[in-house]
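The values are calculated or read from the model by the stated rules, or taken from the named source; none is laboratory data. On a predicted model such as this, the values are computed, not experimentally measured, just so you know. A quick note on method: Cβ atoms are made from the backbone with ideal geometry, for glycine too, and the neighbour counts reach across all protein chains shown.
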Number of protein chains: 2
Amino acid sequence: MGLVVQKYGGSSVADAEGIKRVARRIVDTKKAGHEVVVVVSAMGDTTDELIELAEQVTPIPSGREFDMLLTAGERISMALLAMAIRTLGFDAQSFTGSQAGVITDSTHNKARIIDVTPGRIRAALDEGNIAIVAGFQGVSQVSKDITTLGRGGSDTTAVALAAALGAEVCEIYTDVDGVFTADPRVVKKARKIDWIAFEDMLELASSGSKVLLDRCVEYARRYNIPIHVRSSFSGLPGTIVSGTNPNKKPEGGEMEQAIISGVAHDTSEAKVTVVGVPDKPGEAARIFRAIADAEVNIDMVVQNVSAASTGLTDISFTLPTNEGQKALDALNRVKEGIGFESLRFDDAIGKISLVGAGMRSNPGVTATFFEALSEAGVNIELISTSEIRISVVTRAEDVPEAVRAVHTAFGLDSDTDEAVVYGGTGR
Amino acid sequence: MGLVVQKYGGSSVADAEGIKRVARRIVDTKKAGHEVVVVVSAMGDTTDELIELAEQVTPIPSGREFDMLLTAGERISMALLAMAIRTLGFDAQSFTGSQAGVITDSTHNKARIIDVTPGRIRAALDEGNIAIVAGFQGVSQVSKDITTLGRGGSDTTAVALAAALGAEVCEIYTDVDGVFTADPRVVKKARKIDWIAFEDMLELASSGSKVLLDRCVEYARRYNIPIHVRSSFSGLPGTIVSGTNPNKKPEGGEMEQAIISGVAHDTSEAKVTVVGVPDKPGEAARIFRAIADAEVNIDMVVQNVSAASTGLTDISFTLPTNEGQKALDALNRVKEGIGFESLRFDDAIGKISLVGAGMRSNPGVTATFFEALSEAGVNIELISTSEIRISVVTRAEDVPEAVRAVHTAFGLDSDTDEAVVYGGTGR
């Protein structure tokens, strides 16, 4: 019967009917005896429409004014949602990010939360209100200007408020039933995950799973706020993301097994290969300094073994496709200094990642992974691993087949009743 | 070279092109050496669209949430306008009503301004910025909630900021060239007024002229802020509304003449007649107490002479048509106590008003007025006069002809080169 923070995305409040449906769900939570704080995004395509208006007015909008513009979107949805709740006979008040105490730095368009002072929210709850808060926005600490939090900002608002208010759970409502073992559009037999650890969710998020962004998961992990990802349409239980599985205690023999969470994929990246780099110390550093100076974020980095006969090596990395040109320009500017031969750019690639705890200490996982790809006839171009993740780059057109093959090989397909632990006792 | 406050209405910023055109005009004012504060309304039909959304969600929106919703409109227009100005190479910052220091009472949807503390605006100007302020909105003094100022709110914001900042003029930009001697859609020969006194403008505004609302004129009169009403499309000089005519000194012989400002009309009202009221003290008071308790604003009130034979009289009054039902309900509730015979409701009426200084002491004005109506074949149903205004109620369908007849009779038609003073020396 504690405090619950609920977040509803733009697709859940796309029109008046959606707003009324969400209002009923919120009221049901209140009726169940909870205090309820709701974080809401802008309706449907509102934000895109506002961005289009800005583009009609100016080629380079001022960051401060762009934030002022975009925050109009949540203002509309939150006021309508509060009205809809009051129509159902419950008290509700809406609050801007600033009124809710979401304090940020001054980086317009992608501000970071530096403090949350939810005094007005707490007071509204004490008076029996349901509090509706604009997601995605805050107020800068020094200049008191309106800021927006950038991608995934509304989810982060919800988690941050949940942490500041000591909520028992942060429910993220979306248009899918939860986090799946793979993208259900690619893998028909993908299974909804009932529970996943923060760390695994972080890896899935940074490997292409779009249900939650890594930023929000990282915040929840730091403050140990359980996230419940669920559908605003179906009403079914979704996926719990938390530090420890609330429904299971580890049993004997399980502790050291790898526990596969899921398969993620991402076709939004491109691959850059720097061909014929002199194989001597410092060359790689000069390449990545040039990339960093151009403010390009890179993902995987692989250096091939040097061909002994030439003394030259190739360095490949992946990056968001739309940052490709910037990276190539930066590298071409330092070509003479470094002395590499040429650059190759390839945006027809895809990345497949397997995420699960205990992976590195279970060499069988890697073997099974590569066997599955091989049997599916998928060629591997790059490999990168972390403690709980293994990623490969393939041709983009091979991605769906590769994801399905890996999903099946690790027993994740839903015709088995439960999640299957690799090499293990079943769980 | 002082400070200028400019206000642009929704039709001036209806789309991206409009916003860019307004931005150029603002920059021109800045280039001329002025400090510029701009008050802007929501774009075109934005407010109507938001109201429609609210109606889809709830039959009776909460006042607080309705204000939160509506204020999204100015947020969009002001941010876009600031972006457009910056694209022209000038510094601009946008401010919400709250940020601009527009402090109001807590009456949502029609809040009154109780203080203006424009510290952030002054600071932005000192740094060389053009300040863009959201019209129509403020923040309540006690609860710190977002409020809206109701009809004419953006004009009032502009005048209030002009007063608080000591502006030399408040320019109200609209889609017409200024204040006219009559509605140009009705009277083809209506003439733009170069200058009009606050008092006359107040009477015109409360008699149906829609260019400025009486509320904004009253604020300007109290703080003696000259208003310049002009077109954002033509760039021509418009109408100055101020305490004294800046271009004219009174000449001998003019002081005592009536100076006709214009003819206003209004077809948005209805007439209620309370038939068969016992003609004894206190009956009228009971009728209007019942109306006041129902929070209905009434305009003209006329009591007919009692018919000696019956001891009964009729009382008529006019009110906004959409408040008619409320008034009838209130009167029916007290019918037994007062003992009147019946109620009549008539929404096919119109009001024509002649406004000008010195009218009451120039009986020829009234005579000419009624002669003009008579010659046009217009029947008069009610008459009401003030120091500088005479109003009559007629059939609604007679209004255009009545307005034209009066306009011509007082020599206001524009084929004369200058405004003509009734019975006077020309001016």
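List of remarks:
- Residue count, the stretch B:90-105 (criterion: more than 11 Å from chain A (Cβ to nearest Cβ), at pLDDT 95 or above and surrounded by fewer than 22 Cβ atoms within 10 Å (Cβ to Cβ)): 3
- Taken as a whole, the stretch A:35-44 holds at least one residue that is surrounded by 23 or more Cβ atoms within 10 Å (Cβ to Cβ), of a type in the set (Gly, Ala, Ser) and within 20 Å of B:Glu49 (Cβ to Cβ).
- In the set B:Ala367, B:Ala376, only one residue is within 23 Å of B:Ser207 (Cα to Cα), in contact (Cβ under 8 Å) with a residue 12 or more places away in the chain and not acidic (Asp, Glu); that residue is B:Ala376.
- Restricting the stretch A:106-125 to residues that are within 25 Å of B:Thr58 (Cα to Cα) and more than 13 Å from every other protein chain (Cβ to nearest Cβ), the residue that is surrounded by the most Cβ atoms within 10 Å (Cβ to Cβ) is A:Ile121.
- Residue within the stretch B:137-151 that is touching a residue at least 40 places away in the same chain (Cβ under 8 Å), crowded, with 17+ Cβ neighbours inside 10 Å, under 29 Å from B:Ala270 (Cβ atoms) and in contact with a Cys (Cβ under 8 Å, 6 or more places away or on another chain) present: no
- Residues of the stretch A:100-127 that are within 12 Å of A:Ala164 (Cα to Cα), of a type in the set (Gly, Ala, Ser) and in contact (Cβ under 8 Å) with a residue 24 or more places away in the chain: A:Ala100, A:Gly101.
- Residue match in the stretch B:67-88 (condition: out of contact with any strand residue (DSSP E or B) (no Cβ under 6 Å at 6 or more places or on another chain) and more than 9 Å from chain A (Cβ to nearest Cβ)): yes
- In the stretch A:5-30, of all residues being among the charged types (D, E, K, R) and in contact with a strand residue (DSSP E or B) (Cβ under 9 Å, 6 or more places away or on another chain), the one that is farthest from the other protein chains (Cβ to nearest Cβ) corresponds to A:Lys7.
- Screening B:Glu203 on (1) crowded, with 23+ Cβ neighbours inside 10 Å; (2) farther than 14 Å from B:Ile172 by Cβ; (3) modelled with pLDDT of 90 or more shows it passes everything except condition (3).
- Look at the stretch A:44-62: where a residue is within 20 Å of A:Arg151 (Cβ to Cβ) and a partner is surrounded by 15 or more Cβ atoms within 10 Å (Cβ to Cβ) and of a type in the set (Phe, Trp, Tyr), sitting 6+ places away or on another chain with Cβ atoms under 8 Å, you get A:Ala54/A:Phe66.
- Matching residues in the stretch B:86-107 - criterion: being out of contact with any Asp or Glu (no Cβ under 6 Å at 6 or more places or on another chain), β-branched (Val, Ile, Thr) and outside any helix (DSSP H, G or I): B:Thr96, B:Val102, B:Thr104, B:Thr107
- Across the stretch B:31-66, the qualifying residues are those that are of a type in the set (A, V, I, L, M) and more than 17 Å from B:Ser232 (Cβ to Cβ), and the one among them that is farthest from the other protein chains (Cβ to nearest Cβ) is B:Ile51.
- Which numbered condition B:Arg222 misses (of (1) in the same structural domain as B:Arg21 (by TED's automatic domain parsing); (2) out of contact with any helix residue (DSSP H, G or I) (no Cβ under 6 Å at 6 or more places or on another chain); (3) not polar (S, T, N, Q)): (1)
- Residue list for the stretch A:321-332, filter: at pLDDT below 90 and crowded, with 17+ Cβ neighbours inside 10 Å: A:Glu323
- Test for B:Leu70: is it touching a helix residue (DSSP H, G or I) at 6+ places or on another chain (Cβ under 8 Å), surrounded by fewer than 24 Cβ atoms within 10 Å (Cβ to Cβ) and aliphatic (A, V, I, L, M): no
- Helices (runs of 4 or more DSSP H) wholly inside the stretch A:4-85 that include at least 3 residues being touching a Lys or Arg at 6+ places or on another chain (Cβ under 9 Å): A:63-70
- Against the numbered list (1) on the phi < 0 side of the Ramachandran plot; (2) surrounded by 15 or more Cβ atoms within 10 Å (Cβ to Cβ), A:Gly358 comes up short only at (1).
- For the stretch A:122-159, the set of residues classified as in a strand (DSSP E or B) and more than 19 Å from A:Ile85 (Cβ to Cβ) consists of A:Gln137, A:Gly138, A:Val139, A:Ser140, A:Ile146, A:Thr147, A:Thr148, listed by residue number.
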